[in-house]
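The structure appears right after this line, and notes come after that.
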Amino acid sequence: MTNLTTSEKIKLARTFANAHSENELLRKVLRQLVFAARTSGGVAGRDEALCASCDEAEALLVQNVL
């Protein structure tokens with residue numbers, strides 16, 4: 001790693017920053033999903049907040065897998 005050019009070092013730094021940002025977004029969405037799941041008890045019918053949280057988490061997970 002000590003033989004990297006300045007351009008390569010900049011590219012690696014950007015890649016790391018992007019991965020960190022995506023990780024933070026994924027953590028935020030999963031926290032929202034857990035909160036929605038834990039507080040959805042006692043609601044008759046479809047829980048729209050829980051479904052929306054699941055949809056958002058699923059979209060991020062699929063995006064990160066592909």
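Every read-out reported here was derived from the displayed coordinates using simple, explicitly stated rules and does not represent laboratory data. All values reported here derive from a predicted model rather than from experimental measurement. Heads up, the Cβs are rebuilt from the backbone with ideal geometry, glycines too, and the neighbour counts pull from every protein chain shown.
Here are some notes:
- Inter-site label distance for residue 15 and residue 40 at 7 Å from Cα along Cβ, in nm: 3.7 nm
- Table column - 3J(HN,Hα) (Hz), segment 24-37, Karplus curve with 6.51, -1.76, 1.60, x for Gly and Pro: 5, 5, 4, 4, 4, 5, 5, 4, 5, 5, 4, 4, 4, 5
- Dipole magnitude for the chain: about 300 debye, using +1 per Lys or Arg Cβ and -1 per Asp or Glu Cβ, origin at the Cα centre.
- Karplus-derived HN-Hα couplings along segment 5-14 (A = 6.51, B = -1.76, C = 1.60, θ = phi - 60°), whole Hz, x at Gly and Pro: 6, 4, 4, 5, 5, 5, 4, 5, 5, 5
- Read-out Cα extents along the principal axes in Å, derived from the coordinates shown; its label in (1) 96, 11, 9; (2) 62, 19, 12; (3) 62, 35, 19: (2)
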